[in-house]
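Chemist: The structure follows.
The values are calculated or read from the model by the stated rules, or taken from the named source; none is laboratory data. Source: prediction; values computed, not measured. With ideal geometry, Cβ positions are generated from the backbone for all residues, glycine too; neighbour counts draw on all protein chains shown. Accessible surface areas use protein heavy atoms only, side chains included; no ligands, DNA or RNA. Shrake-Rupley method; radii C 1.70, N 1.55, O 1.52, S 1.80 Å.
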Amino acid sequence: RYIDDLALWGCNALDVWFDMHHYNGIQDPAAQEMIGRLHRILKAANGVGMDGGLTFLANEGYADSPTALRADWTAEHDGYLRPLSGHYHVEICPSRPGGLELILKERREVLRAFSDLDVAYVTVWPYDQGGCTCAKCAPWGGNGFVKTAAACAALVREEMPRAKIILGTWLFDVFVKGDWEGLDASFKTGPVFADYLLANGGGDTFPEYPLKHGVPGGLPLVDFPEISMYRMSPWGGYGANPLPDHLQRIWRESGSRLAGGFPYSEGIFEDLDKAVCLQFYWGDVDARKTVAEYASGIASPGLAEKLSAAIYRLEEQHGDRGLADVRDWTQALPPE
């Protein structure tokens, strides 16, 4: 029923992520249960005419990944200013002998688990929890990540020839300077293996690099607005988090450059934010018009004005809690 609702707001593609770090391989019963759940979600999306999408971290690993192949996450070397956030220390270093081979073997298994569905997009993600700070991979965004993502893209084209490759840039230039520049340089000298580039609106503004310097590789640009965790610490600890004005500001910065987007959903509290973003993509609809339509549908036309006022009052108070910017998240992490 919820997927039907999203379709009515303009959603034409639904993307899921099979998180690996807490399973002992794809045959782990819990892993199989999750794959089954995600498969049912994408099958339902296909059933109402939506394209399916899969996301994976470039060097994500299982809980029982070989210790000798694990990636570095530490800082104060090779240009890294701070340790990688969200790292579970089971990720795989693609520069170690056998590392890339293991990554591709495990990605192939995941792709084949969804091969009977209509999967139109596969997104390869850089950081949080992925990444490696070793000398051979640094800076990850323009070096180890590019090499790994290119190999993953070739695998996707082999297993799912119809699927388009989306290259993520989440947390670029947060841990090390040179991620964006390195990616740009690599596309100028090597093959452009992706079909889209995904830039992230996780903080107060849209990432500056693609707006100022152009999109690396000249690729169509899609965004990834953070509709769940923005200024929410602890995440999910404050209930509803409507962000219509915030999302409208970011849309004004970037909307004319975008070919679409994938709002990041934790699946709770941010239903209105999904509607706002989907209407941006569908027809450049002003957020306040979407809020009024949403309020009218969720309550009644007679109560829409009062509910809209409550929504904007919640957003006005939103900035008084939690963290102000995605770049501050690493500072709030507990010590390892």
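Chemist: Any idea of residue 235's accessible area? Nearest 10 Å², probe 1.4 Å.
Modeler: Approximately 140 Å² of residue 235 is accessible to the 1.4 Å probe.
Chemist: Also, I was wondering about something else. Give the carbon-plus-sulfur fraction of the accessible surface of the chain in %, rounded to a whole number; probe 1.4 Å, heavy atoms of protein chains only.
Modeler: So the carbon and sulfur contribution to the accessible surface is 53 percent.
Chemist: Same structure, new question: How far, in nm, would the chain grow between residue 189 and residue 289 when pulled straight, counting 0.36 nm per residue and subtracting the alpha carbon separation?
Modeler: Here the answer is 31.5 nm.
Chemist: When the dipole is taken about the Cα centre of the chain, and only Lys, Arg (+1) and Asp, Glu (-1) are charged at their Cβ, what size is it in debye, to the nearest 20? Could you put the intermediate results ahead of the total?
Modeler: Details: 30 positive and 46 negative charges, 102 e Å.
The dipole magnitude comes to about 480 debye.
Chemist: Still on this structure, I have one more. May I ask you to evaluate 6.51 cos²θ - 1.76 cosθ + 1.60, the Karplus curve with θ = phi - 60°, for each residue of segment 122-130 and list the ³J(HN,Hα) values in order in whole Hz, giving x for glycine and proline?
Modeler: 10, 9, 9, 10, x, 10, 6, 10, x
Chemist: Students sometimes get this wrong: rank 296, 85 by accessible area, probe 1.4 Å, all chains present, largest first.
Modeler: The residues order as 296, 85, largest area first.
Chemist: Compute the length gained on full extension between residue 296 and residue 67: take 0.36 nm times their separation in residues and subtract their Cα-Cα distance, giving the result in nm to one decimal.
Modeler: On the way: separation 229, 0.36 × 229 = 82.44 nm, distance 5.51 nm.
In short, 76.9 nm is gained.
Chemist: Kirkwood hydrodynamic radius for segment 84-151: how many Å is it when counted over pairs of different Cα atoms?
Modeler: Numbers: mean 1/r = 0.0774 Å⁻¹.
About 12.9 Å, per the Kirkwood formula over Cα pairs.
Chemist: I want to verify a result. In a Gaussian network model of the chain, Cα cutoff 10 Å, which of these has the top mean-square fluctuation: 256, 265, 115?
Modeler: 256
Chemist: Turning to a different aspect of this structure: For segment 142-223, report the accessible area per residue in Å² (1.4 Å probe, heavy atoms, rounded to an integer).
Modeler: Working: 2990 Å² over 82 residues.
So segment 142-223 comes to 36 Å² accessible per residue, rounded to a whole number.
Chemist: Next up: What are the chymotrypsin sites (Phe, Trp or Tyr not before Pro) within segment 29-76 that DSSP puts in a loop, where the Cβ has at most 14 other Cβ atoms within 10 Å?
Modeler: Counting only loop positions with at most 14 other Cβ atoms within 10 Å, none of the chymotrypsin sites (Phe, Trp or Tyr not before Pro) in segment 29-76 qualifies.
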